[in-house]
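The values are calculated or read from the model by the stated rules, or taken from the named source; none is laboratory data. This is a predicted model, so every value here is computed, not measured. Note that each Cβ is placed from the backbone with ideal geometry, even for glycine, and that neighbours are counted across all protein chains shown. To get the accessible areas, we keep the full protein, side chains included, count just its heavy atoms, and leave off ligands, DNA and RNA. Shrake-Rupley method; radii C 1.70, N 1.55, O 1.52, S 1.80 Å.
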Amino acid sequence: MKRTSAYGLRAVAFGVSAVLASALASVPALAQRADQLGDAATEAAAQAASEKAEADYRALSADVASRAGDPAFDYALGIAALDSGRFGEAIIALQRVLAVQPENAAARAELARAYALAGDIDTAREQFATVVDDPSLPDPVRQRFTGFVRQFDKQISGGGSDVSGFVDARVGHDSNINTATELNSIVIPLFSFLGPGQLGGAAVAQSDEFYDITAGVSGVTAIGRQDRLFASLLGNWRDNLNTSMFDQAALTATAGYAHSFANQDVISISGQVQEFWLDDAGFRSSYGVTTQYTKPLSGGKAVTVSAQWNRLDFNGDPLRDADRFSAGVGFVGKVFAANINGGTEETRQAAGDHLSFNFAAANIGAELPVAKRAAIVGGIAFDLRRHDAPDPLFLTKRKDERLDLSAGLKVAVTDRLFFQPTATYSRNWSNIALFDFERWTVAVGARFEF
């Protein structure tokens, strides 16, 4: 049998490794870095390469009937089919090359690439390992292919373990720290014969400066090729500088299990426990279960479907204790994410039925790059609530519609440290004046990721 030609080895040494480096990055398990290279020049180059591959494939495929079996032709056809996304045809063409030239390292490496892109990482790993064992392979190429073998071994074993986290700190001004009405007096229908009643300080909007610290850590570990365990801990502390009554803190712990199917879809189930404090005192405890199904799409996009149940226990206010059920669908794009969900929150005691409500919500958030190290971030959310029973004081069923807007700038000081000025605006429309309010905040802060 023929050994790989000198020209073929040069192609392996100077061309194949570069081609594989870029092509393998599009394999889902190795895609994270490629997804970060989204500038216009990269996209234009990728588009040009795709158009050339398509043209080459069309020209070569017209001669398959007369030239199939010629190693040079089959190799060129295999590359064109592979680069134009026809993985099955590429595998067949490259297998014909190896049937005639079993020691052709370049063809075997491209065959491994085809299997990897087709999702068969076991066969891809075997083919790369065969190439690595070829004694005629130049050392630089051998080292790179050995790296690919290790990456596939890691994926086959489940991906290993990973830990990440962040710390976010900011200071700012809040026009309405207690999300209250700006009215000084209202008429309560149950006591309308007394005329308008004056509202106390806690029931009227209060403004203040604040500082806010949020930190989180999360980890994931593989327990099998397609199975992972994950957990996270998230904490938040917000201190109003002049009014402690509405200082807030929260601690949320989550743990769960995720399974990846052969088509890359993922299903997960997780449990969550949260404790919320108001003015340094326990205000609400909750625990629940969430299940989610994620369908990855091309270009780093995905569709999600989720369902959630939570039990809410309010300290010292048993009438508000409730069960909350919700379901939603979301879409994750390259620079934005959107979600629609709805459900119900039902109090567990009949006497608190006026606090039960149905809800529907929609939100969208985006991060739009405007420079190499800067992006505009923003979001919009809308929430609608309809209560089940009339309020005992206002003698009507409460109806709320709320709009939340946010905008800011994210500037990368380093690869892990970000400067983030932000502004938010909230408006809640309610048929009960006590719950009708407006609120805005401005803040500046920094975020460190690890």
Review point. Under the condition of being small (Gly, Ala, Ser) and under 19 Å from ALA129 (Cβ atoms), which residue from the stretch 59-108 is modelled with the highest pLDDT?
Key: ALA107
Exercise for review: Can you tell me which residue among LEU395, LEU417 is over 25 Å from ILE380 (Cβ atoms), at pLDDT 95 or above and out of contact with any Cys (no Cβ under 6 Å at 6 or more places or on another chain)?
Suggested key: LEU417
Exercise for review: Output yes when any residue across the stretch 233-242 is among the small types (Gly, Ala, Ser) and crowded, with 17+ Cβ neighbours inside 10 Å, and no when none is.
Suggested key: no
Check your understanding: Pairs under 7 Å by beta carbon, first residue more than 13 Å from LEU434 (Cα to Cα) and in contact (Cβ under 8 Å) with a residue 24 or more places away in the chain in the stretch 383-396, partner among the polar types (S, T, N, Q) and in a strand (DSSP E or B), six or more apart or different chains?
Key -> ARG386/ASN358
Practice item. Could you list, in sequence order, all residues of the stretch 247-284 that are open to solvent by less than 30 Å² (accessible area, probe 1.4 Å) and closer than 30 Å to SER207 by Cα? Key: ASP247, ALA249, ALA250, THR252
Exercise for review: State whether the residues of the stretch 226-237 include one that is polar (S, T, N, Q), in contact with a His (Cβ under 9 Å, 6 or more places away or on another chain), part of a loop (DSSP other than H, G, I, E, B) and touching a residue at least 40 places away in the same chain (Cβ under 8 Å).
Suggested key: yes
Revision key, fill the gap. Residue hits (the stretch 301-342; in a helix (DSSP H, G or I) and hydrophobic (A, V, I, L, M, F, W, C)) are LEU319
Point to revise | Every residue from the stretch 343-363 that is crowded, with 16+ Cβ neighbours inside 10 Å and assigned to a strand (DSSP E or B) | key: GLY343, GLU345, GLU346, THR347, PHE357, PHE359, ALA361, ASN363
Practice item. Being modelled with pLDDT under 95 and charged (D, E, K, R) is the filter; apply it to the stretch 364-390 and report the residue that is surrounded by the most Cβ atoms within 10 Å (Cβ to Cβ). Key: GLU367
Check your understanding: Out of curiosity, is ALA49 of a type in the set (A, V, I, L, M), exposed (fewer than 13 other Cβ atoms within 10 Å of the Cβ) and farther than 17 Å from ALA124 by Cα?
Key -> no
Check your understanding: How many residues, within the stretch 427-445, are part of a strand (DSSP E or B), open to solvent by 40 Å² or more (accessible area, probe 1.4 Å) and under 19 Å from GLN206 (Cβ atoms)?
Key -> 5
Exercise for review: Would you please name the residue that is farthest from ALA443 (Cα to Cα), looking only at residues in the stretch 185-196 that are open to solvent by 60 Å² or more (accessible area, probe 1.4 Å) and in contact with a Gly (Cβ under 9 Å, 6 or more places away or on another chain)?
Suggested key: PHE191
Review point. How many residues, within the stretch 62-73, are free of Cβ contacts under 8 Å to residues at least 24 places away in the same chain and either touching a Pro at 6+ places or on another chain (Cβ under 9 Å) or surrounded by 13 or more Cβ atoms within 10 Å (Cβ to Cβ) (or both)?
Key: 4
Review point. Is it true that some residue in the stretch 99-121 is touching a residue at least 40 places away in the same chain (Cβ under 8 Å), part of a helix (DSSP H, G or I), open to solvent by 30 Å² or more (accessible area, probe 1.4 Å) and in contact with a Ser or Thr (Cβ under 8 Å, 6 or more places away or on another chain)?
Key: yes
Review point. Does the stretch 197-210 contain at least one residue that is under 18 Å from THR422 (Cα atoms), open to solvent by less than 50 Å² (accessible area, probe 1.4 Å) and not in a loop (DSSP other than H, G, I, E, B)?
Key: yes
Point to revise | The listed residue being within 19 Å of VAL163 (Cα to Cα) and surrounded by 15 or more Cβ atoms within 10 Å (Cβ to Cβ), out of ALA302, ALA215 | key: ALA215
Review point. For the stretch 416-435, what are the residues that are farther than 20 Å from ALA366 by Cα and out of contact with any Phe, Trp or Tyr (no Cβ under 6 Å at 6 or more places or on another chain)?
Key: ARG427, TRP429, SER430, ASN431, ALA433, LEU434, PHE435
Exercise for review: Would you mind stating whether ALA366 is outside any loop (DSSP other than H, G, I, E, B) and touching a helix residue (DSSP H, G or I) at 6+ places or on another chain (Cβ under 6 Å)?
Suggested key: no
Check your understanding: Take the residues of the stretch 285-299 that are surrounded by fewer than 16 Cβ atoms within 10 Å (Cβ to Cβ) and part of a strand (DSSP E or B): which is farthest from the chain's Cα centre (by Cα)?
Key -> SER285
Point to revise | Residue that is surrounded by the most Cβ atoms within 10 Å (Cβ to Cβ) [pool: residues in the stretch 144-173 that are touching a Ser or Thr at 6+ places or on another chain (Cβ under 9 Å), of a type outside the set (Gly, Ala, Ser) and at pLDDT 70 or above] | key: ARG170
Check your understanding: Can you pull out the residues in the stretch 409-426 that are open to solvent by less than 50 Å² (accessible area, probe 1.4 Å) and under 30 Å from LEU183 (Cα atoms)?
Key -> THR422, ALA423, SER426
